[in-house]
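Below: one structure, written as structure tokens.
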Amino acid sequence: MDLQPSTLWWLVAGVLVAAELASGTFYLLMLALGAAAGALAAHAGLGVTAQLLLGAAVAAGATGLWHRQRRRAPRDARPEANRDLVLDIGETVNVPQWGADGQAQVHYRGAAWQARHQDGAPPRPGLHTIVAVEGNRLVLAPRDRP
């Protein structure tokens with residue numbers, strides 16, 4: 001059985017995609033793009049050297065672009081303030097009064113919760129937004145704050 005170069009490239013791309021699915025390493029998809037470029041070069045009738053160079057150039061370029069994109073992206077918020085992990089973040093609660101220590105008791109989701117004011121502004125009664133959950137304590141910021 002004699003395999004065409006393009007078939008070998010597609011098999012390599014498929015193995016790289018399967019490895020990415022098993023490991024979760026997104027960089028393997030960038031290498032799979034390089035293998036796909038090598039396969040397309042083989043379909044176009046380019047020689048083995050050109051296929052290897054094109055595949056390597058596409059894989060390196062895609063990997064470099066992905067790495068640069070990841071470095072530019074903002075870092076994930078700490079877990080207690082990450083809306084993807086804590087669905088209460090962004091919800092609104094009413095604070096009837098604050099204690100002298102910056103603590104309050106609020107009713108949220110049918111239960112009484114302890115809350116503390118987010119550092120930065122003096123606490124005052126009214127509507128507040130949940131910005132983090134620390135254990136069983138809500139961290140609140142004034143609602144009218146940007």
Which ones in segment 8-33 are surrounded by fewer than 14 Cβ atoms within 10 Å (Cβ to Cβ) and at pLDDT below 95? Leu21, Ala22, Ser23, Gly24, Thr25, Phe26
Per the filter on segment 91-120, residues farther than 11 Å from Val133 by Cα, among the small types (Gly, Ala, Ser) and touching a strand residue (DSSP E or B) at 6+ places or on another chain (Cβ under 9 Å) are Gly99, Gly102, Ala104, Ala112, Gly120
Residue match in segment 34-42 (condition: surrounded by fewer than 11 Cβ atoms within 10 Å (Cβ to Cβ) and at pLDDT 95 or above): no
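Conditions tested, residue by residue: (1) closer than 21 Å to Leu33 by Cβ; (2) in contact (Cβ under 8 Å) with a residue 40 or more places away in the chain; (3) not basic (Lys, Arg).
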site: Gly61; (1), (2), (3): yes, no, yes
site: Thr92; (1), (2), (3): no, yes, yes
site: Ala100; (1), (2), (3): no, no, yes
site: Gln105; (1), (2), (3): no, no, yes
site: Asp119; (1), (2), (3): no, no, yes
Being open to solvent by less than 30 Å² (accessible area, probe 1.4 Å), outside any strand (DSSP E or B) and not aliphatic (A, V, I, L, M) narrows it down to one of Asp88, Asp84, Asp101, so name that one. Asp88
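A quick yes/no check of all residues on (1) among the β-branched types (Val, Ile, Thr); (2) within 30 Å of Glu134 (Cα to Cα):
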site	(1), (2)
Pro5	no, no
Val12	yes, no
Ala37	no, no
Ala41	no, no
Leu54	no, no
Ala60	no, no
Gln69	no, no
Asn82	no, yes
Could we say that Gly45 is in a loop (DSSP other than H, G, I, E, B), among the small types (Gly, Ala, Ser) and under 30 Å from Val133 (Cβ atoms) here? no
Could you go through segment 53-69 and let me know if any residue there is open to solvent by 20 Å² or more (accessible area, probe 1.4 Å), in a loop (DSSP other than H, G, I, E, B) and of a type in the set (Gly, Ala, Ser). no
Counting only residues that are open to solvent by 40 Å² or more (accessible area, probe 1.4 Å), over 20 Å from Arg83 (Cα atoms) and not hydrophobic (A, V, I, L, M, F, W, C), segment 104-146 contains a total of 8
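The values are calculated or read from the model by the stated rules, or taken from the named source; none is laboratory data. Worth saying up front: this structure is predicted, and the values here are computed from it rather than measured. Please note: Cβ atoms are built from the backbone with ideal geometry, for glycine as well, and neighbour counts cover all protein chains shown. The accessibility values were calculated without ligands, DNA or RNA, using every heavy atom of the protein model including side chains. Shrake-Rupley method; radii C 1.70, N 1.55, O 1.52, S 1.80 Å.
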